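The structure appears right after this line, and notes come after that.
No lab work stands behind these numbers, since they all come straight from the coordinates. Every value quoted in this text rests on a predicted model; they were computed, and no experiment measured them. Reconstructed Cβ throughout: ideal geometry from the backbone, glycine too, with neighbour counts over all protein chains shown.
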Amino acid sequence: MLKPAAFALAVSSLLTPGFAADLPARKGVPAVPPVLSACTESEGIPTDAFGFTTGSDVAEVGSLGASLTYGGGFGIRDGRQAAHGLQLQGSYGLFPCFEIGPYLLGGFSDASVAGAKADSRSAGAGVEMKYRLLGRDLHGIGLTVVVDPSFNRLDPTGAGNFTAYNTGIRLFADRTLVPGKLYAALNLSHDLTWTGPSPNLRSSTFTVGGSVAWQVLDGLYLSGEVRHQRRHDALGFGKEAGYATFAGPGVFWQATKQFAISAAYNVQIAGKAKGVPGDLDVTSFSQHLVKVKAAYSF
């Protein structure tokens with residue numbers, strides 16, 4: 001007669017006859033794939049590969065970077081202008097899908113309007129905050145919302161010092177057209193500006209821009225873009241002051257794993273200033289724009 005312990009063991013073996021045979025098969029079960037999110041991509045796209053247009057990728061959590069950007073504007077109506085600006089910016093991945101980038105601004109312009117000197121100098125600061133809403137792997141497109149408040153202290157010749165405050169609200173979107181080769185980006189931006197001594201003058205600039213970037217070699221991108229800007233003498237879309245359309249090429253080179261350099265040129269190909277004759281708006285906008293940027297990731 002079987003003892004109780006032996007009887008229980010026999011019943012258990014009858015009820016689970018395949019358990020021991022299943023053990024070797026479990027070794028071949030694939031690992032659970034990592035959970036995808038909007039801020040993880042199988043293929044990254046450099047944000048500066050599109051010229052003046054910007055891609056949607058954000059810094060990974062804990063990653064730190066720095067960049068120095070030169071911006072130049074040349075050509076105005078009824079005179080001459082050479083405006084030069086520098087922006088020194090840091091960037092940090094504060095938490096998943098969120099990047100914060102404080103920056104310092106400085107610039108000067110050598111200009112004359114109708115024979116009168118119109119030079120100016122400026123200095124300021126701001127902080128760019130990005131949050132990734134959609135990822136390309138999950139949704140087919142990358143989409144990032146950006147809020148960018150800043151201030152600039154200006155010292156124009158003969159006009160006295162004053163401060164300009166700007167808040168930029170932006171959407172950066174991009175998409176892979178041909179993996180490893182061809183990419184597209186679209187930007188929407190609305191800048192709200194309070195300028196000058198009290199009472200402050202209020203204005204805004206709406207921008208829509210699109211760009212296509214081609215990776216001709218590993219880490220080397222060539223781009224072409226078109227951007228349209230509209231200037232308003234109000235914070236909204238009323239009191240239009242003029243508009244301009246720009247087009248031009250860009251280049252991006254990932255020189256090393258940590259260092260990259262990019263450059264872009266835009267020329268105004270169409271435009272109109274309200275109440276001013278001519279086919280271009282060189283009252284509110286420059287005729288030629290140049291950008292050169294060096295970036296380093298730590």
Going by amide H atoms built from the backbone, whose H comes under 5 Å of the H on Phe50, apart from near neighbours?
Gly55
So, over other residues within a Cβ distance under 10 Å of Cys39, counting Lys, Arg +1 and Asp, Glu -1, the net charge is -3
Over the stretch 64-297, relative contact order from alpha-carbon pairs under 8 Å, at least 6 apart, %
15 percent
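Only counting other Cβ atoms within 10 Å, I'd like Glu225, Glu128, Glu99, Glu60 sorted with the fewest neighbours first.
With the fewest neighbours first, Glu225, Glu128, Glu99, Glu60 line up as Glu60, Glu128, Glu225, Glu99.
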Long-range amide H partners of Leu182, meaning residues 5 or more apart or on another chain whose placed amide H is closer than 5 Å, are Leu177, Gln215
Of the listed pairs Lys130/Lys181; Lys239/Lys272; Lys181/Lys257; Lys130/Lys291; Lys130/Lys239, which have alpha-carbon separations greater than 23 Å here?
Lys130/Lys181; Lys130/Lys239
Amide H to amide H under 5 Å from Ala118: which residues, 5+ apart in sequence or cross-chain, H placed 1.01 Å off N in plane?
Ala111, Ser112, Val113
What percent of all Cα-Cα pairs in the stretch 64-297 falls in each 5 Å bin, counting up from 0?
1, 6, 11, 15, 22, 19, 12, 8, 4, 2, 0, 0
